[in-house]
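> Here you go, one structure.
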Amino acid sequence: MKKEYTIGEICKLYNLGPDSIRYYEKKGLIFPGRRENGYRVYSIKDIWRLNIIKNLRKLNFSVKQIREYLEHRSVDTTIKFMEEEIRLIEKEIMPLIKLKENLQEKVQILKSLKKIEDYSEIKVQRIRKRKIILIKAFMTKDEEVDLAFRKLEGRDDSKLFLLSNKDMGVFISEQGFKKQNYGLYQNAFFFVDDKEENYNMILPEGYFVTLIYRGAYKKSQMFFNKMINFIKEKGYSLNGNAMEIYRLDIHETSKEEEFITEIQIPIKKD
């Protein structure tokens, strides 16, 4: 068995670059010898240290943690290090599990949307309370809405993810509603799970006049007018800001004819 290895042999053995090997030496993790010509040589002692370094780096241990382990390792410290790593792995896994669950739920929602047949029909529904995360902003263009959603998502990328999250939408501004300009938006939002502890507000349970339509957003103006006339005919009164909820939009399809939007207007049955 060889007793000495060159830096080239070590690099090949561990699939590392020379700079990484020299960095470990600089940080006091390995201690190569020197030949008369000044070239580094590595012993069996460096091999077992590099084995440990390689494995601990896979587990994302810092150089400081690796040095402490190499200098003070025992069965107890090994158990402690491994238990700490298990805790860190579990911390990283949980968001992925949640993301997987959200994606699975989103897939089911998208499949169910393909089965909708009662497009453009006005309904009166009692909807349970819902938690939302929102960003306060006035918007008039699709691009501004997309930017608002990105700002919302950016607040916590681990929880909010446009492709897997629950539905998102905008509130129609009071000014826009009064002027019958339903393209004036106020506040973009994401719906979040009932168990979520970080949210901005709760939409109270109540009655809503609802309508789901398919296609371009420009249809909203026509359907809003239709729904307002329905509310007047039934003798209902408004009970808050109307919402446009994007069930299926540009984030899931480039085909405008596949877009699915739901309008919800909160009402009181007088």
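The values are calculated or read from the model by the stated rules, or taken from the named source; none is laboratory data. Predicted, not measured: the structure shown is a model, and the values here were computed from it. We work out accessible area using only protein heavy atoms, side chains counted, and drop any ligands, DNA or RNA first. Shrake-Rupley method; radii C 1.70, N 1.55, O 1.52, S 1.80 Å.
> Once every Cα of the stretch 4-73 carries one equal point scatterer and solvent is ignored, give the base-10 log of I(q)/I(0) from the Debye formula at q = 0.15, 0.22, 0.23, 0.24 Å⁻¹, two decimals.
After summing over all Cα pairs, the log10 values are -0.45, -0.95, -1.04, -1.12.
> Quick one: of 54/80; 131/218; 123/269; 178/269, which pairs are farther than 22 Å apart, Cα to Cα?
131/218
> Please give the helix 63-72 orientation as an angle from the longest Cα principal axis of the chain, in degrees from 0 to 90, rounded to the nearest 10.
Long axis of 63-72 versus the principal axis of the chain: about 50 degrees.
> Per the 1.4 Å probe, what fraction of the accessible area of the chain, in percent, lies on carbon and sulfur atoms?
Carbon-and-sulfur percentage of accessible area, whole number: 52.
> Taking the Cα atoms only, what angle lies between the long axis of helix 44-58 and the longest principal axis of the chain, rounded to 10 degrees?
With both axes taken from Cα atoms, the answer is about 0 degrees.
> Okay, moving on. Over the chain, with a Gaussian network built from C-alpha contacts below 10 Å, which listed residue (33, 215, 206) shows the highest mean-square fluctuation?
Result: 33 has the largest fluctuation of those listed.
> Oh, and also: From the helices alone, meaning DSSP H stretches of at least four residues, give me the mean residue ellipticity at 222 nm for the chain, per-run term -39500 (n - 2.57), in deg cm²/dmol to the nearest 500.
Helix-only estimate at 222 nm: -14000 deg cm²/dmol.
> Sticking with this structure for a sec: Round to a whole angstrom and tell me the spacing of the C-alpha centers of the stretch 219-270 and the stretch 15-29.
Here the answer is 62 Å between Cα centres.
> Separate question: Enumerate the amide H contacts of residue 41 below 5 Å, restricted to partners 5 or more residues apart or on another chain; note that Pro and chain-start residues carry no placed amide H.
33, 34, 35
> Hey, another quick one. May I ask you to give the solvent-accessible area per residue for the stretch 4-73, in square angstrom, as obtained with a 1.4 angstrom probe?
About 64 Å² of surface per residue is accessible.
> If you work out P(r) over Cα pairs in 5 Å bins from 0, in percent from the coordinates, which of (1) 1, 5, 10, 12, 11, 10, 7, 5, 5, 5, 6, 6, 6, 5, 3, 2, 1, 1, 0, 0; (2) 1, 6, 14, 17, 20, 16, 12, 8, 4, 2, 0, 0; (3) 1, 5, 11, 13, 14, 12, 11, 9, 8, 6, 5, 3, 2, 1, 0 do you get?
Here P(r) over Cα pairs in 5 Å bins from 0, in percent agrees with entry (1).
> Quick one: what are the phi-derived ³J(HN,Hα) couplings along the stretch 13-30, Karplus 6.51/-1.76/1.60 with θ = phi - 60°, whole Hz, x for glycine and proline?
Here the 3J(HN,Hα) series is 5, 9, 6, 10, x, x, 4, 5, 4, 5, 5, 4, 5, 4, 8, x, 8, 9 Hz.
> What residue among 41, 192, 124 has the largest mean-square fluctuation in a Gaussian network model of the chain, using Cα springs under 10 Å?
41
> Let me ask you something else. Of the candidates 231, 21, 89, which one comes out as most mobile in a Gaussian network treatment of the chain with C-alpha springs shorter than 10 Å?
Evaluated over the chain, the most mobile residue of the options is 21.
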